[in-house]
1. Answer yes or no as to whether residue 84 is touching a residue at least 60 places away in the same chain (Cβ under 8 Å) and of a type in the set (A, V, I, L, M).
2. Among 79, 31, which is among the hydroxyl-bearing types (Ser, Thr, Tyr) and within 10 Å of the chain's Cα centre (by Cα)?
3. Can residue 72 be described as surrounded by fewer than 18 Cβ atoms within 10 Å (Cβ to Cβ) and not acidic (Asp, Glu)?
4. Testing residue 51 on (1) touching a Cys at 6+ places or on another chain (Cβ under 8 Å); (2) modelled with pLDDT under 95, one condition comes back false. Which one is that?
5. Please enumerate the residues belonging to the stretch 61-76 that are out of contact with any helix residue (DSSP H, G or I) (no Cβ under 9 Å at 6 or more places or on another chain) and not charged (D, E, K, R).
6. Given 31, 75, which one is touching a residue at least 60 places away in the same chain (Cβ under 8 Å) and under 25 Å from residue 10 (Cα atoms)?
7. Name the residues in the stretch 50-107 that are more than 14 Å from residue 31 (Cα to Cα), in contact with a Leu (Cβ under 9 Å, 6 or more places away or on another chain) and of a type in the set (S, T, N, Q), would you?
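The values are calculated or read from the model by the stated rules, or taken from the named source; none is laboratory data. Note that the coordinates shown come from a computational prediction; the quantities given were computed from them, not determined experimentally. Note that we place each Cβ from the backbone using ideal geometry, even for glycine, and neighbour counts take in every protein chain shown.
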Amino acid sequence: MPQFVLLLRDKQRGTLSRDLLLAHVAYLGRYTREGYIILCGPFRDDQGAIQVIAADSPEDARRIAESDPFIAEGYYASYEFHELIEANEGNNWLVDDPQTRANIPGA
């Protein structure tokens, strides 16, 4: 299943309530149990957060992401959304991937 990286940005400091936090935690729990959220958490520098979402399509991943109360309620005012091509030993760390080859001059 394709994976999508969600980078949450522009945290609206001073607007977090306990209810919003608990709604966000419920969202994380649900989608983690259902196998959609692979990884999530804030950055140590408190400048944003990340979610890695597994979904059948970009539209499904965006729908899941936008159901996060932190996004729906504007706690994070913006986000970036990218499909991830996972590099691993099984695909030789993408050495032979068309995208990799396209970035090597003269290849």
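1. Details: touching a residue at least 60 places away in the same chain (Cβ under 8 Å): yes; of a type in the set (A, V, I, L, M): yes.
When the stated conditions are applied, residue 84 passes them.
2. The conditions single out 79.
3. Working: surrounded by fewer than 18 Cβ atoms within 10 Å (Cβ to Cβ): yes; not acidic (Asp, Glu): yes.
Criteria met by residue 72.
4. (2)
5. Result: 61, 74.
6. Answer to the check: 75.
7. Those that are more than 14 Å from residue 31 (Cα to Cα), in contact with a Leu (Cβ under 9 Å, 6 or more places away or on another chain) and of a type in the set (S, T, N, Q): 78, 88, 100.
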